[in-house]
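Since every read-out is calculated from the coordinates, none of them should be taken as a lab result. Please read these numbers as outputs of a predicted model, since none were measured by experiment. All Cβ positions, glycine included, derive from the backbone under ideal geometry; neighbour counts span all protein chains shown.
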2 protein chains.
Amino acid sequence: MKLSLFFYVYQEHLLKYFYPVNYISITMENKKVIIVGGGFGGLLAAKEFKDTDFDATIIDKTNHHLFQPLLYQVAAAALSPADIAIPIRSVFRNQKNIKVLLDEVISVDKENNTIKLSNSELKFDHLILSPGARHSYFGNDTWEKYAPGLKTLSDALKIRELILNSLEAAEKELDLNQRKKYLTFVVIGGGPTGVELAGAIAEIAKKTMIRDYKNFCADDTIIVLVEALPRILTSYSPDLSDKAKEDLVKMGVDIQLNKKVTDVNENGVQLGDVFIESKNVIWAAGNVASPLLKTLNIDLDKAGRAIVESDCSVPGYSNIFVVGDAAIMKDDKGEVLPGVAPVAMQQGRFVGKLIKSGLDKSNRKKFTYVDKGSMATIGKAKAVAMISGLKLSGLIAWLAWSFVHIFFLIGFRNRFRVFAEWIWYYITNRQGTRLITNALKERK
Amino acid sequence: MKLSLFFYVYQEHLLKYFYPVNYISITMENKKVIIVGGGFGGLLAAKEFKDTDFDATIIDKTNHHLFQPLLYQVAAAALSPADIAIPIRSVFRNQKNIKVLLDEVISVDKENNTIKLSNSELKFDHLILSPGARHSYFGNDTWEKYAPGLKTLSDALKIRELILNSLEAAEKELDLNQRKKYLTFVVIGGGPTGVELAGAIAEIAKKTMIRDYKNFCADDTIIVLVEALPRILTSYSPDLSDKAKEDLVKMGVDIQLNKKVTDVNENGVQLGDVFIESKNVIWAAGNVASPLLKTLNIDLDKAGRAIVESDCSVPGYSNIFVVGDAAIMKDDKGEVLPGVAPVAMQQGRFVGKLIKSGLDKSNRKKFTYVDKGSMATIGKAKAVAMISGLKLSGLIAWLAWSFVHIFFLIGFRNRFRVFAEWIWYYITNRQGTRLITNALKERK
């Protein structure tokens, strides 16, 4: 055997002998998992790869995981951003095989197992898409400018400054007709986010912050909650909807049911024939999944969500998964799974385990959502909850809500801080973080 | 006596009889005090009018009083904005005679006792100007874009995001030459702010946050502190300067003395012949008083500060006062009072009491500054302090610093929160608020 042939035939063994470490990394290269989005779905999926041989990379446009269920409390100046967010990097600081990347994913090439980032490309063996949703204005994108939505920390701070600046403007405005628009708050959308926001704003404008102002009183403030359907909180039972409505009305919220928004502009909201003048319109009415999903070239539903198979994978591509708010899936009864944190968390965990198992498509179990209940808070000591068929309202629902939200908040310190904030707030009736961090800007 | 004459002569008594309340408010109208700026000077002055017959109005461009000595900790992601700021409105919520206005003062008309706001005018009997200072680039205003300064919460959040975004950019950049500029931090100015910032950045970049990143280590980060004079902390004694320098060097800070900045651009800083490539240049080198003072048409010093008389009043106008960083005053030894919080607080209190006393110019005492000491922190368990002639450094100075800063922080809850943050930080070595709240923006 000629020496060159010998080398050719035995090169693998020789390489292994001379470069044992490198060699292993070449031939036994770890499987690459890319996770897009550091929300509940992405974070729980990434955690599954702790202490494994997979090379996982979690990519997010922001540097933090956000505990979105409490985001409205940041908007309402009850909590600080740092109370409900944690750098994704910190969560995985001790995991060498889990990388974190602050970047935006532009598109997915499912044929070539590649994603395109702002300035680069990455290859994957498995891809988990958990990019979440943004608010949707049903085609009226010009409304966004006058009716901001609430999805990110930046959104929450914007809404907070909107509310605080309006109260300041009202304090300065001596013309009562001119003042009214600053003291009118309109929340569009009677789902959990809208209800929680309306309740929180009512507490601010009728009870807590109002005491700091000297030129107007609680009776001068108007809070309107607008819902297109005949009842609020349609994902709850009708009696809980009624209870929530009753509580909100008691807190001074004017609930407008069966009312469709036909226009939003810088002066307020048009509801059919009626125009509500307001400088504080907040949008909580609709969601549309991340535009990234369009680059998958698969069937999406009306809300832009990926129609996934029972294992959360994309039809025809058993290594690409979509979880959380960006996916649409039905349960055994044919009902669409709700866009809530527990669904995203369970799907993320499910897909992570599934990839680790290495099972091929035909041997995979289907995802089943275990509904542990849902809850929405309305105000201090007021909430509604459905927990394993049990309907709760009032103080007990609020305590359950507080307990669950503290419990699931990531990071010991955050839990402690939020708990301390709530105790303080409960005792003193004072909001804690009423800061306008942007320097004074002229109001239009 | 004709009836009309009777009315004329006795109108005062008649009016008093028929309109007793209104009447009093017409003839005994309360004196109007306007306070511009809700910093230490303005806040302490305003507090003097609690429960008095004066109508006080405090006007600020932001809605909060800021505990500026801890601002660098917000920039360094150790504290949240809400930990060191409190709405001015809350401070005076129970004082009917003290109004708070979120507005910008455009000019002062000292002949007509009037100030001009963005959209209105206000009359005053007494005016206290406490508008503070901004950073000065000594005529090179284009530098500001590349070397932000640190005076407001908004500044602090900008610097925080600059630092965090750079670390993220470094994590992504695989070209070591390209990466260096993201990992080089340059603080210009070796006064207390510069020293505290450099120390805080060294802790982040060499000890705490660095552990979250996987593609670079502490040795890859470079922190430079630039000072034009032969030593840092020139307001302290030379041996404390040396101690601070020693501590900073131990923490990994490269101190460049006798170096003048000749240019700042998007790629870094020019120090004479040497160019330091850096995406993280922070300005702590100079101050200039608020431009509002120019509208007073009085003598200002080079730094734009009002040259006030010994009672803090403006020459020729015994009812107009300037306090804090916006004023320049000398002590008995002819030394200029430093631009620190205690001077502003004592001046504010002094002027408040002086106005309440109603004394005319000739009977007024002069302001005397009681120096209770000064301190600067360098890092965990490292500080320098001069307290009544006593020079302290190391752990004991740091404990004194912590105690004083917690003690003077306004609001019980803030005190408690900052204390808890520091304990947590001390034990875990983790920074708490590393959030980039603005969505991903392309770095140049």
Q) Between residue B:265 and the same site in the other copies, what are the distances in nm, shortest first, taking label points 7 Å from Cα along the C-beta direction? A) 4.8
Q | Rg over Rh, two decimals, the range B:87-212 (C-alpha only, Kirkwood Rh) | A | 1.13
**Q.** Sorted by Cβ neighbour density within 10 Å, fewest at the top, the residues A:250, B:32
**A.** A:250, B:32
(Q) As a check on your reading of the symmetry: which chain A residue has its Cβ nearest the axis that brings A onto B, and how far is it in Å? (A) A:80, 2
Q) Shielding of A:157-166 by partners, i.e. mean partner chain Cβ atoms within 10 Å per residue? A) 1
Q) How far apart, in nm, are the 7 Å Cα→Cβ label points at residue B:274 and residue A:144? A) 4.7
**Q.** For the range A:261-315 versus the range B:230-296, the gap between their alpha-carbon centres in whole angstrom
**A.** 50
Q | Calculated log₁₀ intensity ratio I(q)/I(0) where the Debye formula runs over C-alpha points of the range B:141-285, q = 0.12 Å⁻¹ | A | -0.45
Q) Viscosity 1.306 mPa s, temperature 10 °C: Stokes-Einstein D of the range B:285-362 from its Kirkwood Cα radius, in µm² per second? A) 123
Q | Label distances, nm, residue A:315 versus same residue in remaining copies, Cβ-directed 7 Å point | A | 8.5
Q) Relative to the longest principal axis of chain A, what angle (0 to 90°, nearest 10) does the C-alpha long axis of helix A:192-202 take? A) 40
**Q.** Between helix A:394-408 and chain A: long-axis angle, C-alpha atoms, 0 to 90°, nearest 10
**A.** 30
Q) Put +1 on the Cβ of each Lys and Arg and -1 on the Cβ of each Asp and Glu in the protein assembly as shown; which of A:395, A:359, A:255 then has its Cα farthest toward the positive end of the dipole? A) A:395
Q | Paired Rg and Dmax values of chain B, which use every Cα atom, in angstrom | A | 25.2, 102
**Q.** 12 Å beta-carbon shell around residue A:392, net charge (K/R +1, D/E -1)
**A.** +2
Q.
Using each residue's phi in the range A:298-306, evaluate 6.51 cos²θ - 1.76 cosθ + 1.60 at θ = phi - 60° and report the 3J(HN,Hα) Karplus result to the nearest Hz, with x for Gly and Pro.
A. 10, 5, 10, 7, 4, 8, x, 7, 6
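Could you please rank B:255, A:436, placing first whichever residue has the fewest other Cβ atoms within 10 Å of its Cβ?
Numbers: B:255 20, A:436 25.
Fewest to most other Cβ atoms nearby, the residues stand as B:255, A:436.
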Q. Roughly how many nanometres apart are two label points built 7 Å out from the Cα toward the Cβ at residue B:297 and residue A:219?
A. 4.8
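Are any of the pairs A:151/A:302; A:123/A:330; B:302/B:333 more than 25 Å apart by Cα-Cα distance, and if so, which? Before the final figure, lay out each step's value.
Details: A:151/A:302 20 Å; A:123/A:330 31 Å; B:302/B:333 21 Å.
Violating the 25 Å limit, Cα to Cα: A:123/A:330.
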Q.
Nearest 10 degrees is fine. How inclined is helix B:341-357 to the longest principal axis of chain B, computing both from alpha carbons?
A. 0
Q) In whole angstrom, how far apart do the alpha carbon centroids of the range B:138-192 and the range A:350-423 sit? A) 39
Q.
How charged is the neighbourhood of residue A:30? Take every other residue with its Cβ under 10 Å from the Cβ of residue A:30, and add Lys/Arg as +1 and Asp/Glu as -1.
A. -2
**Q.** Virtual spin-label span in nm between residue A:254 and residue B:237, 7 Å along Cα→Cβ
**A.** 6.9
Q | Selection from B:210, B:70, B:115 lying farthest towards where the dipole of chain B points positive, charges on Cβ | A | B:70
Q) How well do other chains shield peptide B:86-97, expressed as the mean number of their Cβ atoms within 10 Å of each residue Cβ? A) 4
Q | Within chain A: Cβ-based charge dipole about Cα centre, in debye rounded to nearest 20 (Lys, Arg +1; Asp, Glu -1) | A | 920
Q. Along Cα→Cβ at 7 Å, what distances in nm separate the residue B:360 label point from those on the other copies, shortest first?
A. 10.4
Q | Which listed pairs, of A:47/A:110; B:116/B:361; B:96/B:372; A:181/B:110; A:50/A:366; A:172/B:110, have C-alpha distances above 30 Å, in listed order | A | B:96/B:372; A:181/B:110
Q: Please get the size of the charge dipole for the protein assembly as shown, origin at its Cα centre, with Cβ charges of +1 on Lys and Arg and -1 on Asp and Glu, quoted in debye to the nearest 20.
A: 1420
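What number comes out for the charge environment of residue A:183, summing +1 per Lys or Arg and -1 per Asp or Glu over other residues with Cβ under 12 Å away? Mind dumping the intermediate values first?
Working: positive: A:179, A:180, A:181, A:206, A:279; negative: A:168, A:171, A:173, A:219, A:220, A:277.
Surrounding charge for residue A:183 is -1.
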Q: Only helical DSSP H runs with n ≥ 4 go in: add -39500 (n - 2.57) per run for the protein assembly as shown, normalise by residue count and round the 222 nm mean residue ellipticity to 500 deg cm²/dmol.
A: -9500 deg cm²/dmol
